[in-house]
Amino acid sequence: MPSPRLLVRRPEAPTTDSWSPAGWRSLPITQQPTWPDRDELDAVADYLSGLPALTGVEEIRRLREELALASAGQAFVLQAGDCAEPLGLAATTSARAKHRTITSLGERLARELHRPTIGLGRLGGQFAKPRSEPFEAVDGQLLPVFRGLMVNEPEATALARQADPYRLLSCYYTARQVVAELSRAGGGVRTSHEVLILEYEQALTRLDEATGEWFLRSTHLPWVGDRTRAVDSAHLHFLAGLGNPVAVKVGPSATVDEVLRICALLDPHRRPGRLTLISRMGHRQIADHLPALVRAVVDAGHPVAWMCDPMHGNTVRGVGGVKTRHLDAIVGELTTFVEVLRGHGREPAGLHLEIAADDVTECVGASVTDEHQLGRAYRSLCDPRLNHEQADAVVAAVVAAMHP
Ligand code: PEP
Ligand code: CO
């Protein structure tokens, strides 16, 4: 009989002694490109580790405090931007426009919800994408998929699709311009992105000498996506040791046990503002899946900020196979989200959207009356985004759902 003390325990949060920015390297990792030359990648990452950080420790701490207010229903987060960010001049132009959109939608939310809005962009680092398949067939040729401009190019040629580690540097310099642009535009919008290529993120993880804490200074709020959120994975371990507020997306395959283990790993001290869970269930699945997760997290005493991403569970193939999302489904999901949270005595902490600042036709609803109109201005590098009018309609629907 094993003595009870020898029974295997679930992994707890890594202690400061056991966590290091490189610790993820010994753990299972998914959704990574095949880099042609790992030494080249390491050399680029090494160079990156000597470049200035993009965000400041005090700004990051302040966001954590603001997210604590959001988790208590005293503030509301609007997180929005492209699915996949562009590089170079297009990124700064787009960031300026996104800043305007997030600010104006945020002002409306603040006015109508009677609580301050926290503006967050999918900006200044949203360059790497998880994909459902590693390869795709184009005109009879099997090509690696496009994984975001941090990795390769969308153009359907073997050369464009080859992973190139020097792209990490292009992304860094673009992110630096985007951050400068956001601060020129008057602040108020902080950065967030999915952490996927951990060589990049590790190089921008810096020690705060004053407190001995590690901060990821490529962004303010890093998140791990639904495809890379396995509890014992490199990606979750990487988040666990950071002083930043962190977020994890949870989709319909997430079990109660998995979500509780994510909470134990990322929020062992039950600190308000530390952990945001972004529900992205899909309008057909949310009522079946979300209630048990919220109940379990509430019972376990984690003061999680629950946000709703009503985009990623509602992607469908429209006419001609083009990826789209319908406003009805988006509004349906977020309305159920509000009901589920309130039904468990929790306030919705915010909304996560994919938006374009220009007049795109990628989602169906409002001025885009049917799927046949999608071809008019479909410009996304990855997932379909809401145009301004559609984003306005979603914000109006959130307000309506919050004040039934
Ligand atoms: C995304 O946010 O673009 C994304 C891929 O999300 P998810 O992890 O929710 O699928
Ligand atoms: Co997306």
Checklist outcome for this item: Residue-ordered couplings for the stretch 145-152, obtained by feeding phi - 60° into the Karplus form 6.51 cos²θ - 1.76 cosθ + 1.60 and rounding to whole Hz (Gly and Pro as x), are 6, 6, 10, x, 5, 6, 10, 7
Next on the checklist: I need the semi-axes of the equivalent ellipsoid of the stretch 128-279: take the C-alpha gyration tensor, multiply each eigenvalue by 5, square-root it, list largest first in whole angstrom.
Outcome noted: 29, 22, 13
Checklist entry - List the lysines whose alpha-carbon lies under 19 Å from that of K249, not counting same-chain residues fewer than 8 positions away? => result K129
Checklist outcome for this item: Under 5 Å from the placed amide H of W214, counting only residues 5+ away or on other chains, we find D208, G243
Item to check | Magnitude of the charge dipole, the chain, Cβ model with Lys/Arg +1 and Asp/Glu -1, debye to 20 | outcome: 780
Item to check | Overall Cα dimensions of the chain - principal axes, largest extent first, Å | outcome: 65, 52, 48
Checklist entry - Between R271 and S26, how many nm apart are label points set 7 Å from Cα along the C-beta direction? => result 2.5
Item to check | Choice from S49, S192, S367 showing the highest fluctuation, given a GNM over the chain with Cα pairs closer than 10 Å | outcome: S367
Checklist outcome for this item: Karplus-derived 3J(HN,Hα) from phi for the stretch 113-126 (6.51 cos²θ - 1.76 cosθ + 1.60, θ = phi - 60°), whole Hz, x at Gly and Pro, runs 9, 6, 8, x, 9, 9, x, 10, x, 7, 8, x, x, 7
Next on the checklist: Taking the beta-carbon count within 10 Å as an exposure proxy, list K323, K249 from fewest neighbours to most.
Outcome noted: K323, K249
Item to check | Cysteines, the chain, no other Cys beta-carbon under 4.7 Å | outcome: C171, C263, C308, C363
Next on the checklist: Of all beta bridges DSSP finds with both residues in the chain, what is the antiparallel percent, to the nearest 5?
Outcome noted: 25
Next on the checklist: Can you find, among G243, W214, S233, the residue sitting farthest towards the positive end of the charge dipole of the stretch 208-254, where Lys and Arg contribute +1 and Asp and Glu -1 at Cβ?
Outcome noted: S233
Item to check | Ellipticity estimate at 222 nm from DSSP helix runs (n ≥ 4, -39,500 (n - 2.57)) divided over the chain, nearest 500 | outcome: -11000 deg cm²/dmol
Item to check | Per-residue HN-Hα couplings for the stretch 184-201 [Karplus 6.51, -1.76, 1.60; θ = phi - 60°; Hz; x = Gly/Pro] | outcome: 4, 6, x, x, x, 10, 9, 9, 7, 7, 6, 8, 10, 8, 6, 4, 5, 5
Item to check | In the stretch 127-221, the GluC sites (Glu not before Pro) that fall in loop regions by DSSP, at most 11 other Cβ within 10 Å | outcome: E155, E209
Checklist outcome for this item: Long-range amide H partners of H193, meaning residues 5 or more apart or on another chain whose placed amide H is closer than 5 Å, are L221, W223
Item to check | Amide H contacts under 5 Å for L120, placed H, 5+ residues apart | outcome: L78, Q79, A80, R190
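Where a number appears in this text, it was derived from the coordinates with a stated rule and is not lab data. On a predicted model such as this, the values are computed, not experimentally measured, just so you know. Counting neighbours? That spans all protein chains shown, and the Cβs are built from the backbone with ideal geometry, glycine included.
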